[in-house]
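Input: a single structure, listed below in structure tokens.
The values are calculated or read from the model by the stated rules, or taken from the named source; none is laboratory data. Quick caveat, the model's predicted, so the values are computed rather than measured. Methodologically, a virtual Cβ is constructed for each residue, glycine included, from the backbone with ideal geometry; neighbour enumeration extends over all protein chains shown.
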Amino acid sequence: MKRNVIKLLAIFLVVGLLAATGAIASDESITGTIEKTNQGIVISADDGASYIVMGKDLSAMVGQTVKATGTLSEGQAGKTLTVISVEPVKK
């Protein structure tokens with residue numbers, strides 16, 4: 001019984017630390033224009049940031065303004081959006 005309580009406390013501690021550091025990702029939406037760069041396909045967002053697109057091939061949509069939803073992350077290559085869904089934005 002005591003071991004189970006210790007395991008449960010350890011799980012809560014790990015989940016709490018992950019949540020505090022932002023390691024538990026949530027879906028976010030980015031609106032911007034799809035561009036082809038030397039980094040690959042990126043979304044140049046309305047806020048001026050660029051996000052490398054992962055998860056879906058959006059090369060057929062280059063030049064279009066879209067709202068893309070997915071998981072944001074940041075690494076050595078820069079900001080990345082792992083796309084779950086994308087929809088064109090009417091101007």
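The table that follows gives values for the structure above.
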{"quantity": "Subset of the stretch 54-68 that is modelled with pLDDT of 95 or more and in a strand (DSSP E or B) - its residue that is surrounded by the fewest Cβ atoms within 10 Å (Cβ to Cβ)", "calculated": "LYS67"}
{"quantity": "Output for the stretch 40-53, where each listed residue is of a type in the set (Asp, Glu) and buried (at least 16 other Cβ atoms within 10 Å of the Cβ)", "calculated": "none"}
{"quantity": "Flag if VAL42 is β-branched (Val, Ile, Thr) and touching a residue at least 12 places away in the same chain (Cβ under 8 Å)", "calculated": "no"}
